Amino acid sequence: MNKNKLFGTLLIPLAMVTTIQQGFAYTPQSLYDEVWKLINARFVNDDKNGQDWRIWRHRFDTQIKDEADANVAIETMLASLNDRYTRFLDKDEFAEEGRSIKATLFGIGIQIGLREDKLVVIAPIDETPADKAGLKANDEILEIDGKNTKGISVKDAADLIRGEKGTKVRLLIKREEKVAKYYDIMRDEIKLKSVSLNNPFDMAVPKNIGYVKLSTFLSSNAAQEVQNALKEQGEKSGYILDLRSNPGGLLSNAIRIADFFLEQGSIVSTVDRDGYKEVRYSSPSALTTKPLVVLINGGSASASEILSGALKDNQRAVLIGERSFGKGLVQEINQLPGGSGVNVTTQRYLTPNDTDINKKGIEPDIMIELTEEDAKAKKDTQLLRAISVVSEMIQGKTVKDIINQQILAKAQIQSLTTNPVGKLNESVTLPNQQAEKSTAQ
C-alpha cells in the first residue's frame, strides 16, 4: 500500500497520492477489509480509542451487499476512532484530491473543520469567492443552503458547499457575539497560488524590508515559489513571512522552507504509535540569514505551525499575531481499489523543543489581535508591528533581545496592576535590556 504524508485540514486535499495494485480485483467486502487492515497497522493510537479493533473485522459481513453498503460500513468503523482527520473518501472526493495536485479546485475556496462540535471556517483561501465575500477564520457556519449544520460531518458539509461553477451557495455565518448573517457566494474554479508579494490591505512596506505571504502549502511548487519570491525582491535588510490564515499542506514544503532560513538545528520531529521518533534537521546553509518576523493567527494550521514552530524554537524569527490553530497530527492518504481512498492519522509531530501543539497552538512572541474594526479601516496592526520589529532587528537587536523586551514589558504591566500606586518592581530586570516605550501587545 503506497501512501503519502500530509498536514492540514482535510476538506481540501493536501498530498500527492500514488496508486496501489492497479487491476486488483475487489469486492465490497474486500474494500472494507482493506480499510480495517490499514487502521490496524497504521493508526496513530495503538489502542484504537480504547477498543478491541478485532470487533470490527467481521461486524458487517452479512450486511455488505454492494459498494454503497461498504462505504457506510467503513465510515461507521472509522467514526469509532473519534479522530476527525481519519476519514473515508468516496470516488468523487478522491478525484477532487487528484485535481488538487494540479492546484486547481472547484468551489468557493474555503477550509472548514469541526471545533467543539461546531462547523467552523479554518481559513478562506486568498482571492477566492469566500475571501472576497468576507469570510474569516473562526467563523461558525450555522446553515448551508438552509440546512442546519448541528451534528454535521465535515464530509457532508463539504458535499453541500461543493457545486458547479457559476452556482451559488448560501451560508449562515456567526462571528463571535455578533448577529448571524447570510452570505450568498458564487462557486468558481479555484486556482491555488501559494505566494503573493502583496499584503492584505496593500499597506506600504519599507523598501529595505521584503514581504512574502504564503497562503498554502498545498502545491508541490510552494517551496519553489517562496524561493523565487525571495530572489525576485532582491537583497533586503530583513524579511516578513506572512503565514496568517494558511491552513497547511505538504510536510516536505514546510521542511524545505524552514531550511531556507535555518543554518543549523532541527526543524520537526514525527512520532508514531510505537514511540519511534524521526527528527528532520536543517542543512548547514540558508538562503538568507537576515532578520525575520513571522505573522500567524488562528487560521495558521499544521504545516504553518511546523514552519513557525521551527523558526520560533531555533530563535531564528520573532512570531507576531495570534495563537495558531493547533493541529499536530500527520495523515497519510491511501488510494483504495475502485478509486476511493482513506486518510489515516499515523503520527503526531513535535516542534524542535519537543512541544506537542495539537489542540494548543503556538503562542506568538508578540500577541496582537487584528480586530474587525482594524480590518474595516484597512489598518493591519500586526503587519505594522512586524515592520517595527524587523526595523529594530536591522538596527542590531536579536530575536532574544526582542523576546526579553516583551517579558520585561509584561512584568512591568503586571507590577503596575498589582501595585498601581507604588513604583515598578525593581527586582524584575534583564541584563542589557530596556523596556519598550509602547504598551506590550
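For the range 279-294: of the residues being touching a strand residue (DSSP E or B) at 6+ places or on another chain (Cβ under 9 Å) and either modelled with pLDDT under 95 or in a loop (DSSP other than H, G, I, E, B) (or both), which is farthest from residue 238 (Cα to Cα)?
Here the residue is 282.
Could you list, in sequence order, all residues of the range 270-321 that are open to solvent by 50 Å² or more (accessible area, probe 1.4 Å), farther than 15 Å from residue 212 by Cβ and of a type in the set (D, E, K, R)?
273, 274, 277, 278, 280, 312
Which ones in the range 39-69 are touching an Asp or Glu at 6+ places or on another chain (Cβ under 9 Å), open to solvent by 70 Å² or more (accessible area, probe 1.4 Å) and closer than 20 Å to residue 275 by Cα?
Once the filter is applied, which keeps residues that are touching an Asp or Glu at 6+ places or on another chain (Cβ under 9 Å), open to solvent by 70 Å² or more (accessible area, probe 1.4 Å) and closer than 20 Å to residue 275 by Cα, the range 39-69 yields 42, 45, 46, 49.
Any idea which residue in the range 356-400 is surrounded by the fewest Cβ atoms within 10 Å (Cβ to Cβ), counting only those that are under 24 Å from the mean Cα position of the chain (by Cα) and at positive phi?
Result: 359.
Based on this model, can you work out whether residue 143 counts as under 24 Å from residue 92 (Cβ atoms), outside any helix (DSSP H, G or I) and open to solvent by 60 Å² or more (accessible area, probe 1.4 Å)?
no
One residue is enough: does the range 263-273 have a residue meeting the conditions modelled with pLDDT of 95 or more, in contact with a helix residue (DSSP H, G or I) (Cβ under 7 Å, 6 or more places away or on another chain), farther than 16 Å from residue 329 by Cβ and in a strand (DSSP E or B)?
Yes, there is a match, as at least one residue in the range 263-273 is modelled with pLDDT of 95 or more, in contact with a helix residue (DSSP H, G or I) (Cβ under 7 Å, 6 or more places away or on another chain), farther than 16 Å from residue 329 by Cβ and in a strand (DSSP E or B).
Within the range 397-414, can one find any residue that is more than 19 Å from residue 299 (Cβ to Cβ), at pLDDT 95 or above, of a type outside the set (A, V, I, L, M) and not in a helix (DSSP H, G or I)?
yes
So, in the range 338-370, exactly how many residues are among the polar types (S, T, N, Q) and touching a helix residue (DSSP H, G or I) at 6+ places or on another chain (Cβ under 8 Å)?
Residues in the range 338-370 being among the polar types (S, T, N, Q) and touching a helix residue (DSSP H, G or I) at 6+ places or on another chain (Cβ under 8 Å): 5 in total.
Suppose we filter the range 149-166 for residues that are on the phi < 0 side of the Ramachandran plot and open to solvent by 50 Å² or more (accessible area, probe 1.4 Å); how many remain?
7
Condition (residue is closer than 20 Å to residue 338 by Cα, of a type in the set (Lys, Arg) and free of Cβ contacts under 8 Å to residues at least 60 places away in the same chain) applied to the range 51-70: is it met by at least one residue?
Yes: one or more hits.
Would it be correct to say that residue 267 is under 19 Å from residue 211 (Cα atoms) and either out of contact with any strand residue (DSSP E or B) (no Cβ under 8 Å at 6 or more places or on another chain) or surrounded by 19 or more Cβ atoms within 10 Å (Cβ to Cβ) (or both)?
For residue 267, the condition - under 19 Å from residue 211 (Cα atoms) and either out of contact with any strand residue (DSSP E or B) (no Cβ under 8 Å at 6 or more places or on another chain) or surrounded by 19 or more Cβ atoms within 10 Å (Cβ to Cβ) (or both) - is not met.
Looking at the range 242-253, can you tell me whether even one residue there is more than 20 Å from residue 282 (Cβ to Cβ), open to solvent by 10 Å² or more (accessible area, probe 1.4 Å) and either β-branched (Val, Ile, Thr) or free of Cβ contacts under 8 Å to residues at least 24 places away in the same chain (or both)?
Within the range 242-253, not a single residue is more than 20 Å from residue 282 (Cβ to Cβ), open to solvent by 10 Å² or more (accessible area, probe 1.4 Å) and either β-branched (Val, Ile, Thr) or free of Cβ contacts under 8 Å to residues at least 24 places away in the same chain (or both).
The values are calculated or read from the model by the stated rules, or taken from the named source; none is laboratory data. No experiment lies behind these values; they were computed from the predicted model shown. Cβ atoms come from the backbone with ideal geometry, glycine included; neighbour counts cover every protein chain shown. Side chains are part of the model used for accessible areas, which takes the heavy atoms of the whole protein and leaves out ligands, DNA and RNA. Shrake-Rupley method; radii C 1.70, N 1.55, O 1.52, S 1.80 Å.
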